[in-house]
Structures are given as structure tokens and as C-alpha cells.
Amino acid sequence: MGDIIFTSQVCHSCFRRQAKLHRCAQCKFAHYCDRTCQTACWDEHKQECGAIKKIGKAPSENIRLAARVLWRIHKDTGIASDSQLISVDQLEDHVADLPEKDLKQLKTDVHNFLEYWSYGRKQHSVDYISHIFGIIKCNGFTLSDQRGLQAVGVGLFPNLCLVNHDCWPNCTVILNHGNQSALSSALHSQRRIELRALEKIPEGAELTVSYVDFLNLSADRQKKLKEHFHFDCTCEHCSQHIKDDLMMAATESEGNKPSADKVKEVTSFSKGCLEKIESSRIQGEYHEVVKLCRECLGKQENVLADTHLYKLRVLSVASEVLSYLQSFSEAADCARRMVEGYMKLYHHNNALLGMAIMRAGVTHWHAGEIEMAHGLICKAYGILMVTHGPNHAITSDLESMRTQTEMELKMFKQNEDVYHTMRDAALKNQPRASKQ
């Protein structure tokens, strides 16, 4: 269990994302599905509500999280339940390791915090508040909405902070939204972090999680870990540069390889093109994004391997934007190629791999490629059953999709013409597809 801070697009109690949320009448910042969610969340919101109302606006998420941490410390002496192994303020802060830029931001955050926070006459030193901000910076956990699709806030979970990093871990971390299926009723909560095993773990082996996405070169992962978490990663995959060769590989067909100069040229072009793609995507110029992706993929053809990071990044953006523009057949082709590359790089039970396969399955479903869609959705379901568990909202969604695609696949095999006629009629009645 821990403290959590959200954005305004989701219910602040259950994390459900929906169009019409009810706003807190007092602070006008917190949003809820209904009165039930608001009442359930009031105990942890009431002091924040008063503080936001006092200064007239909500401060940054780190300031709000620091305030929640201190309110919790005063209320529960830093221990939220018997299952919490360490008090929040006993965690590492690494303030002494922060570069000048981050120290400057820390001072600004502390200044803004002092205007915001109040707890009767209780005051804290600047050093102690800096300590709390340092803890948040190197221990904060990014949280997703109830469907696990989009980042919506940041949380602090003390027990999780005790689990060490490995780039090829044996566990994963998932946010449980109000799951009442814990083995011990004492662990039932509105929400909690679950540490889930990715494979059979030998007795006595250390439990590990990954603090960064594996889909980066070992040197880049090490750099990120050093900058954000202040340690040098010496895990097996970093020390031996495992899979780095695949992530930077050139194509090879019947012993023929492109020249080193050609690979260098296309790699440099791809890097620049990805920057333009990201800029156009941020500006909402989706047709320009597609044009750039097609151009880049054309240049990469027969030069960069299907596991090359730059090719995978272009395919990822292309499949997402083409789906948004309802060019589902081309989107499905990009998604399939992307997933094939991912499967050669990620751990077979990686949550990000499972989510990517799920999205690829949905894209193929929209494209009318029902056999491929059903196969991908079944594969994603198998992975997410491990990473998220049977009671997570996204696994339930996948179970429904699996049942639906299985039914459609049977219909398709019985009579393809009837299936396509039915599908075309259904698509005509659907509103414009939202961005995946």
C-alpha cells in the first residue's frame, strides 16, 4: 500500500477513465465516478482538498505526493499497515548525488511545498522536506489507468522500494485496482501494488524487478539507471551486453549483408527521422507522421534487421497512428512486424510485450484479419495472466475479446462471405475509432 497522485482524466478513487467525471465541489481539482468513489476516497483527500482550496490551485504531482506522505506519517507514523516493512522516510533519497539542475528544481519544489502544506502547527525543516522529495524522485512509481493503458500519476510504495533491479528480472510489478482476491483478507485494499513472479523462482533466489524498459542498449539502460536511481547496473544482460547485437543488427539474406557505410547512413537517417516523427505526432500532424514512417521504413528495408531498435520504434508509431486514421490493414502489417521483433528481444512473460501483442491483435481484428487477431489475443492473454493475474481489469477485457474473436473465427470458417457482410455492416454503425 502507498500514497498515490493522479491527473484529472481518471477517477481519483478507482482509476476508471471516462468522459463524465464529477468534480470535487470544494477544491475543484479531484474527480470521481460518483458519490460512492468520492466517499471512499475522502479520508485521504480531505487534507489535500483544504490545501488546494487555500492556495487556489493544485501544485505539481510531486508536491502533492510529498504532502500526502507527510500527512500519512503524522497519521500512521509512516506505517500504513502491519504488512508494510519500512517507513517511507527511511528510504534512500540520494539528494547528495543530484546534479545542479535537479538541486535547483528541488529548491523550487521545497519553496512551493511550504506554501501548500499545513498540519496544525507542525513544521518541518527544509532538509527533511528535501529528503522526502529525494525519496519520491528515486522511488516514485508511475501508475496507469484501470485498463493499464495510459500513465495517470505517480505513487510511492515502500515495500516495492526494497526489491532490487535486474534488466532481465524474475518478477514484475502491477497496480491492483481494488482486487479482493488476496490470499489474506488483511491485504484486501482499494488498491495495492502486486509483485508477481514471471517464472518459477528457485528457493533462496533474490526477487528482482526491472526499473527501466529492456528495449534499450545495455549502455543506455545503465545510463538511465545511473541518472535516475544512482547505481551502476552490473546485471548479466548489461555486463555481457546480451541482445545488444540484435537491437543494432543489419539484415542478412543468403549471406549477403549491407556495407558498414550503408548501415551507418541508414541508422543516422532513422535517428533524425524519429525526431521528426515525434515532433509531428506531438503537433497532431498524423498524415505527416505516416508519410515520415513510410519513408523511413523504405530506407531501412534490406539494411536494418527486424529487431533493430530504430525499425521497431518506427513500426510502433506507424501502427498506432495508422489505427487512429483507420488504415487498419497497413496498421496491422506494422503491428505484426513490430511484435515479431519484440518477441525476439523481450522476456517471454514481459508485461510490455503482452500489451503490445494485445494491441496488435485488436488492430488485426479491426482489419478483418480474424485468424491472426484471435491468435494474437490468445497469446497476449497467456502473458497477461502471468503479469497481471486473472482478476485485473485488462485481463477481463482480454477474456471478453478472446470469446468474441473465437465466435467470429468459427463464423468465418463456416462462411467467409456471411462473416464479411456482417462485419462490414457492424463497422458502418460504429463511431470513428478512438486512438489506441
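The values are calculated or read from the model by the stated rules, or taken from the named source; none is laboratory data. All of these numbers come straight from a predicted model, not from anything done at the bench. Methodologically, a virtual Cβ is constructed for each residue, glycine included, from the backbone with ideal geometry; neighbour enumeration extends over all protein chains shown. Protein only, heavy atoms only, side chains kept; ligands, DNA and RNA dropped before computing areas. Shrake-Rupley method; radii C 1.70, N 1.55, O 1.52, S 1.80 Å.
A few points about this structure:
- Reachable lysines from LYS57, criterion Cα separation under 26 angstrom, eight or more residues apart if same chain: LYS20, LYS28, LYS46, LYS75, LYS101, LYS104, LYS107, LYS122, LYS137
- All aspartates and glutamates inside 15 Å of LYS264 as judged from Cα atoms, apart from same-chain residues fewer than 8 positions distant: ASP245, GLU301
- Classification of the range 243-384 by its C-alpha gyration tensor yields an oblate form. The axis ratio a/c (a ≥ b ≥ c) is 1.5 or more, and b/c is at least a/b.
- What the Cα atoms of the chain give is an Rg and a Dmax of 23.9, 76 Å.
- A Cβ-based charge dipole, computed about the Cα centre of the range 224-308 with Lys and Arg at +1 and Asp and Glu at -1, lands at about 200 debye.
- Options GLY354, LEU65, LEU217, ranked by Cα towards positive dipole end of the chain, top entry (Cβ charges): LEU65
- For CYS171, distant residues with modelled amide H under 5 Å away: LEU198, THR208
- Largest-first principal axis extents of the Cα set of the range 318-436 (Å): 39, 29, 24
- Just the protein heavy atoms count here, and of the accessible area of the chain at 1.4 Å, carbon and sulfur take up 50 percent.
- Under 17 Å from the Cα of LYS379 - lysines, other chains or at least 8 residues apart: LYS344
- Accessible area per residue, Å², the chain with all protein chains present, probe 1.4 Å: 52
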